[in-house]
Amino acid sequence: MTLHFSAKEVKIAADVQASLTDVRELFFFDMLKKGFFLAQRGMISLMTVTTKAELETFVEAVHQFLVERKEFVC
């Protein structure tokens, strides 16, 4: 999956051009600091062997990013 931080809904590939690349880069570095290595372009790959606990930790890390950086994502 790929995350896009955008003020408008992404429906087609051209909509990605309007996404906020600075916020995506901030997300990349914040997640890296929390122990998750993602592609810097926003791509996230979860392996089928990922445990429920690991997924919950990832979801919590994303939630923390949204709370801590709310001035950039809301």
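The values are calculated or read from the model by the stated rules, or taken from the named source; none is laboratory data. The model shown is predicted, which means the values in this text are computed figures rather than measured ones. Cβ placement follows ideal geometry from the backbone for every residue including glycine, while neighbour counts extend to all protein chains displayed.
Which of the residues that make up the stretch 49-59 are over 13 Å from the mean Cα position of the chain (by Cα), surrounded by 10 or more Cβ atoms within 10 Å (Cβ to Cβ) and of a type in the set (A, V, I, L, M)?
55 - this is the single residue of the stretch 49-59 that is over 13 Å from the mean Cα position of the chain (by Cα), surrounded by 10 or more Cβ atoms within 10 Å (Cβ to Cβ) and of a type in the set (A, V, I, L, M).
For residue 42, state whether it is at positive phi and in contact (Cβ under 8 Å) with a residue 40 or more places away in the chain.
The answer is yes for residue 42.
In the stretch 11-35, which residues are modelled with pLDDT of 90 or more, surrounded by 10 or more Cβ atoms within 10 Å (Cβ to Cβ) and either assigned to a loop (DSSP other than H, G, I, E, B) or touching a strand residue (DSSP E or B) at 6+ places or on another chain (Cβ under 7 Å) (or both)?
Within the stretch 11-35, 34 is the sole residue that qualifies.
Assess whether residue 62 counts as being surrounded by 12 or more Cβ atoms within 10 Å (Cβ to Cβ) and either part of a helix (DSSP H, G or I) or aromatic (Phe, Trp, Tyr) (or both).
Yes.
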